[in-house]
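Novice: After the structure tokens below, expect a handful of questions from me.
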Amino acid sequence: VSLDLKDVIGQWIKIDLGVAQRSVGPRGSSISEEQLIKIKKAFKAMPLIKLTKALLSDRIDGIGLYHYKFSFDKEALKQFIKQLIEISSKQAFTARDIADLSQSIDRARLPEGDIWIGKKDFLPYKIVSSSKIFQTSVSGISPVIESTATLNFKDYNKPISLSTPTSFKTIEEVLKLF
């Protein structure tokens, strides 16, 4: 099955947070300020991304950059998710839950990519990440979706001007494409 995204390329997508919150329904939960502080602390303490290889230095727009390969640290991700659930959930995390979580993350193929970091300011200037979602079938494992994203960062600390787009698709319209 092929997915054609030509109708959303270059298109603004509007997400109405009120609709999103209502769609969560009664099972949705609000996070207290104390829980939010704990989640932020756990996130800062758990390096989820690791640099796996230093590559040759590079330049973008005349700026000297370090260039690295990166990947997600599955063990750190397991610990972070476990902490996140313990902080935000009222239910205890069982040994079976931990084993299931660990097994799911072990089987996952997490995104990896390249990052370019400024030599003087240590800010990110470019991130290229790729990922694949696989499907298991009788004939084996085959990729279902392959994606590559390139993020370019520039003009740090410069004023910006934002205006609301007049032409957009709602998230509901986009989800109908799937």
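Novice: Each label point is 7 Å from the Cα along the Cα-to-Cβ direction; what then is the distance between the points at ILE105 and GLN91, in nm?
Specialist: Calculated label separation equals 1.9 nm.
Novice: Between THR148 and SER131, what is the label-to-label distance in nm when each label sits 7 Å out along the Cα-to-Cβ direction?
Specialist: Using points 7 Å along Cα→Cβ, the separation is 1.7 nm.
Novice: Also, I was wondering about something else. Can you give the net charge of the other residues whose Cβ lies under 12 Å from the Cβ of LEU51, counting K and R as +1 and D and E as -1? Please list the in-between numbers first.
Specialist: Values: positive: LYS50, LYS53, LYS69; negative: ASP73, GLU112, ASP114.
Net local charge, LEU51 excluded: 0.
Novice: Something else: Taking the Cβ of GLU86 as the center, what net charge do the other residues with Cβ under 11 Å away carry, scoring Lys and Arg +1 and Asp and Glu -1?
Specialist: Details: positive: LYS38, LYS82, LYS90; negative: ASP97.
In short, +2.
Novice: Excluding ARG107 itself, what net charge comes from residues whose Cβ is under 14 Å from its Cβ, given Lys and Arg +1 and Asp and Glu -1? Mind showing how you got there, number by number?
Specialist: Values: positive: LYS74, LYS78, ARG109, LYS132; negative: ASP100, ASP106.
Net of charged neighbours comes to +2.
Novice: Relative contact order of region 64-125, please, whole-number percent, based on alpha carbon pairs below 8 angstrom and at least 6 residues apart.
Specialist: Details: 52 pairs, mean separation 34.7, N = 62.
About 56 percent, as a whole number.
Novice: Next question, about the same structure. Compute the FRET efficiency between VAL8 and THR164 as 1/(1 + (r/R0)^6), taking r as their Cβ-Cβ distance and R0 = 22 Å, and round to the nearest 0.05.
Specialist: Details: r = 18 Å, r/R0 = 0.84.
Calculated value: 0.75.
Novice: Mind ranking SER167, SER129 by accessible surface for me, highest first, 1.4 Å probe? Provide the component values of the computation, followed by the final result.
Specialist: Details: SER167 75, SER129 30 Å².
From most exposed to least exposed: SER167, SER129.
Novice: Using label points projected 7 Å from each Cα along Cα→Cβ, tell me how many nm separate THR52 and SER71, to one decimal.
Specialist: Inter-label distance under the simple model: 0.3 nm.
The values are calculated or read from the model by the stated rules, or taken from the named source; none is laboratory data. The structure presented is a predicted model; accordingly, all values stated were derived computationally and were not measured. Using ideal geometry, Cβ is built from the backbone for each residue, glycine included, and neighbour counts are taken over all protein chains shown. The accessibility values were calculated without ligands, DNA or RNA, using every heavy atom of the protein model including side chains. Shrake-Rupley method; radii C 1.70, N 1.55, O 1.52, S 1.80 Å.
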